[in-house]
Structure formats: structure tokens, C-alpha cells
Amino acid sequence: MEMKPFQRDAILAELATIKQRSPFYAKKFADVDMGQIRTQEDFERLPFSEKADLREAYPLGIQAVPDEDVVRIHSSSGTTGTPVIIPYTQKDVDDWAEMFARCYQAIGCTKLDRVHITPGYGLWTAGIGFQLGAERFGAMTIPMGPGNTEKQLRMMVDLQSTVLCATSSYALLLAERIAQEGIRDQLALKKGLIGSERWGKRMRERIADELGVELYDIYGLTEIYGPGVGVSCRYNTGIHCWDDFVYLEVIDPKTGRNLPDGEVGELVITTLQKQGAPLIRYRTHDLSSIVPGDDCPCGNTNTRITQLVGRTDDMFKVKGVNMFPAQVEEVIASVDGVSSEYQVMIDHLNGKDIMTVYFECETDDALRRRQIEEAVQETFKNRIGITIVPKAEGVGDLPRSEKKSTRILDNRY
Ligand code: ZN
């Protein structure tokens, strides 16, 4: 994607002083003459920033302002090892609120909305971000935090909450409880604002149906402010991200090369206004793609990304095509008569990659099975552009596993 002129100006201005402000970048860009970075191509040659770099800078090595300018810290919930600490200035906090307020506006909220916030508060950026944005926007916030489902439901009924903010898994749990208790009629919910993570189409439909709400995806990560960096709109054309605050790239996670719009790869983010902890070319490990064009019917012309399709760790490459389990799942799910279980086997024979996809189908009839195999093969060809070897098995024949990664068996290396 072409950098917008105002983004290029912001990036060049940021790079001009970053080494002086930030010991972290002074070290990272030690060999780079910042005066030589003038074009998008120059920028795309700069080294990436990684979560591991931020861990190494623990606790406040990433800080790029004097101590007296820091008003808050947040920390990402690292699953392993040292956490990452991100310092915020007052402007950072205000900017985050501004972005998040735009999200509420983008999904059609008004000041009469009552925003029920279930994500957690504390070091994590979730709950407080949802709250900051709603307050800036001018809606009523109900800062519940997670858990205590009984109380959540009571407040939802008594306060007539209209917007539910939640992770997809908690939204589903609430939806199920609401159905069990038969209190749907007592609720006033209209919209669900769901924190970005990969969630399947089926889960989405269940939540939307059971709660009777429109669902929106909100994107963000603690290292880059938190949730609110972008949101989907009612036309569902992707997640609109705020171009004046973030510059987005999508790269091939294996080679680090920038990919054209529409191709799935790793999302890389550069902050354009962040003071406390500016991030240049930060690798998110989220897999997504940039939606070509800026013609969403909602009128928002900010850069759009697709809903996340997974994490880079899940990705694999066959015949030069990057693929990930979610894509395989989608293809499998779209063919009639095929269940959701699958296994992929990748081999390398006579200089060629061979991808065999095993899946379960409900029929024992040999002819019908062959038809299904052909349908699966054709769908892979059409959607992913790759020819696979389809193998239909009976229901229950494939090993069951919770972990997605174990469904991909790569025998090549
Ligand atoms: Zn839109």
C-alpha cells in the first residue's frame, strides 16, 4: 500500500529525532543514517521492532520522554517470561481516548447508549480503553470488568445496557446464560463490540443470534495503545484503522518483505503520534491483510484490514503460498457433507511440495465421497490457488486435537 503523504511526513518527522529521544532506537538504528530515510522504500528497509526487544528493555527501556511526562503504564499479558511495560504520556492517553471515541461513533453509537464493559481492568489495556473511549464519546459507561455473570446479567437488565463490550468467548458465555435464563426480552442490547482475536464464523453467528445484536470487531494491542486502533463498521468491509495515529504494513513473516494489498501476512504497525513509547515497524504477529481501496459505503476512508485470521506461529508455506489453519478450516466448512475435522500432511517429493488434506465426511458411498473430494479440491484451487490431494475419511477416523497446530503435519524438513 502506498503511504499517505501525511503519514510519510509524520514518519519522517518522527525518525528525525527518534535516536535522540529514545535510547532503545538509538541502539536499534545505530547503523542507520536517519537523514537518508526519505521515501517509503527507505522506510521499508528499516529493521523491525519485536516483542522480544521490548522484553529486553524491561522495565522502562522503551521510554522516550522524561520521567515527569509519564502519567501511566500498561503491561501486556505475556504468556511466557518477562512482561512488556509501555509508558504513556497524557497526550498518549488522550489520543487513545480519541481513537476509541471514534470507534463508538463508527459503529453508530449515540450519547444515549449505555456501554457495558466486561473486559478486565488493571495493567491490561482492555477495560480502561473501552471506558476512556465511551466517556470521551459521551455515552454512559458501566465498568463491570470480567466475571460474576449473575451480576452482569442483573446490571444489563436493570440498567438497560445497549452496547456489550467483551471478548468473543465471554460474549458467547453471556449469550448462552441469557438463553438459559430466558431473559432476552428484558434486555436492551443492540450492539456487541468484540475485542480482536480470531473467532470463527459459526461463533459469530451464534453470539449475534442469541443476543440479537449487531457485532463489531475492535482491534488494538497493548504495545500500540490498546484496543481502539481500529473498528469494523456495519458494512463489514474490514476494520477501519485510524491513519493519523498508525501506519500499517503487511509483510511476509518468513522473508520480512512487504506484501501487496489483499495478501495475507503479518501486520506491522508504526505509531505516528505516540510519545511515551513510539514504535517503529512493530511486528504484531497477527495475520491479516490490507483491504484494497478506500470505498467503504460508510464513508470512512481510513486503511482497512481484514478480521484477524490467526497468528504467524500458525502459518505454513506450500508451493510458495502462505497458508494458515483458519483458511483450511474455512474451505473445509464451505463444502457440503464435510465435517469440521481435518488434517493436513505436507511432503516434498521429486522437487515438489504435495499437500494432502484429510477430512471426514458423513457418507460411506464411494461415488459420493469422490464427488466430495473433487469439490474440496476445487474449492482449494479457487480460494487459495493451490492444488491439493483430497482424502475423505469416515466420521471419527481422524485424531482429535485441541491444538490447531497439530493438524498440520509438515514432513518436509
Ligand atoms: Zn466502513
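The values are calculated or read from the model by the stated rules, or taken from the named source; none is laboratory data. As the structure is a computational prediction, the values presented were derived from the model and not from experiment. When we count neighbours, we look across all protein chains shown, and the Cβ atoms used for this are built from the backbone with ideal geometry, even at glycine. Surface accessibility is based on the protein's heavy atoms, side chains included, excluding ligands, DNA and RNA. Shrake-Rupley method; radii C 1.70, N 1.55, O 1.52, S 1.80 Å.
Count Lys and Arg as plus one, Asp and Glu as minus one, and take only other residues whose Cβ is under 14 Å from that of residue 235; the net charge is then -2. Please compute the net charge surrounding residue 245, taking Lys and Arg as +1 and Asp and Glu as -1 over other residues with Cβ under 11 Å from its Cβ. Taking every Cβ under 11 Å from that of residue 245, the sum is -3.
Only protein heavy atoms count here; under a 1.4 Å probe, residue 379 has an accessible surface of about 30 Å². Heavy-atom surface analysis with a 1.4 Å probe gives the chain a carbon and sulfur content of 49 percent of its accessible area. Each residue was assigned an accessible area with a 1.4 Å probe, and for residue 314 the value is about 60 Å².
Counting only DSSP beta bridges with both residues in the stretch 162-263, what percent are antiparallel, rounded to the nearest 5? The antiparallel fraction comes to roughly 45 percent.
Can you classify the stretch 88-312 as rounded, prolate or oblate using the Cα gyration tensor, where a ≥ b ≥ c are the square roots of its eigenvalues, rounded means a/c under 1.5, and otherwise it's prolate if a/b beats b/c and oblate if not? List each step's numbers first, then the result.
Details: a/c = 1.88, a/b = 1.52, b/c = 1.24.
Because a/c hits 1.5 or more and a/b exceeds b/c, the stretch 88-312 counts as prolate.
Couplings for the stretch 86-100, taken from phi via the Karplus curve 6.51 cos²θ - 1.76 cosθ + 1.60 with θ = phi - 60°, read 10, x, 10, 8, 4, 5, 4, 5, 5, 5, 4, 4, 4, 4, 5 Hz in order; Gly and Pro are left as x.
Taking every alpha-carbon pair in the chain and binning the separations at 20 Å intervals from zero gives 24, 53, 22, 1 percent. Counted over the stretch 88-312, the DSSP beta bridges are approximately 60% antiparallel.
How many Å² of accessible area per residue for the chain, probe 1.4 Å? All intermediate terms of the calculation are to be shown ahead of the outcome.
Working: 18670 Å² over 413 residues.
The answer is 45 Å² per residue.
The Cβ shell under 13 Å around residue 33 holds other residues with a net charge of +1, Lys and Arg each +1, Asp and Glu each -1. Taking trypsin sites (Lys or Arg not before Pro) across the stretch 330-413, the ones in a DSSP loop with at most 15 further Cβ atoms lying within 10 angstrom of their Cβ are 400, 403, 412. Applied to the stretch 266-278, the Karplus parametrisation 6.51 cos²θ - 1.76 cosθ + 1.60 on θ = phi - 60° returns per-residue 3J(HN,Hα) values of 8, 6, 10, 10, 10, 7, 9, 10, 5, 9, x, 9, x Hz, with x for Gly and Pro.
Across the stretch 110-121, rounded Karplus estimates of 3J(HN,Hα) from the backbone phi angles (6.51 cos²θ - 1.76 cosθ + 1.60, θ = phi - 60°) give 10, 5, 8, 6, 10, 9, 9, 9, 9, x, x, 9 Hz, Gly and Pro being marked x.
Which trypsin sites (Lys or Arg not before Pro) from the stretch 81-186 combine a DSSP loop assignment with at most 13 other Cβ atoms within 10 Å? Write out the running numbers ahead of the final one.
Numbers: sites: 91, 102, 111, 114, 136, 151, 154, 177, 184; in loops: 111.
For trypsin sites (Lys or Arg not before Pro) across the stretch 81-186 that sit outside H, G, I, E and B with at most 13 neighbouring Cβ atoms in 10 Å, the list reads 111.
The relative contact order of the chain, computed from alpha carbon pairs under 8 Å that lie at least 6 residues apart in sequence, is 11 percent.
Taking a ≥ b ≥ c as the square roots of the eigenvalues of the Cα gyration tensor, the stretch 58-120 is oblate, since a/c reaches 1.5 or more and a/b is not larger than b/c. In the chain, the DSSP-assigned H stretches of four residues or longer account for a calculated mean residue ellipticity at 222 nm of -9500 deg cm²/dmol, using -39500 (n - 2.57) per stretch and the full residue count as denominator. From the alpha carbon centroid of the stretch 322-365 to that of the stretch 39-69 is 40 Å.
The longest stretch of the chain left intact once loop-based GluC sites (Glu not before Pro) with at most 16 other Cβ atoms within 10 Å are removed from consideration, loops following DSSP, is 51-196. Of the beta bridges in the chain, as assigned by DSSP with both residues counted there, near 60 percent are antiparallel.
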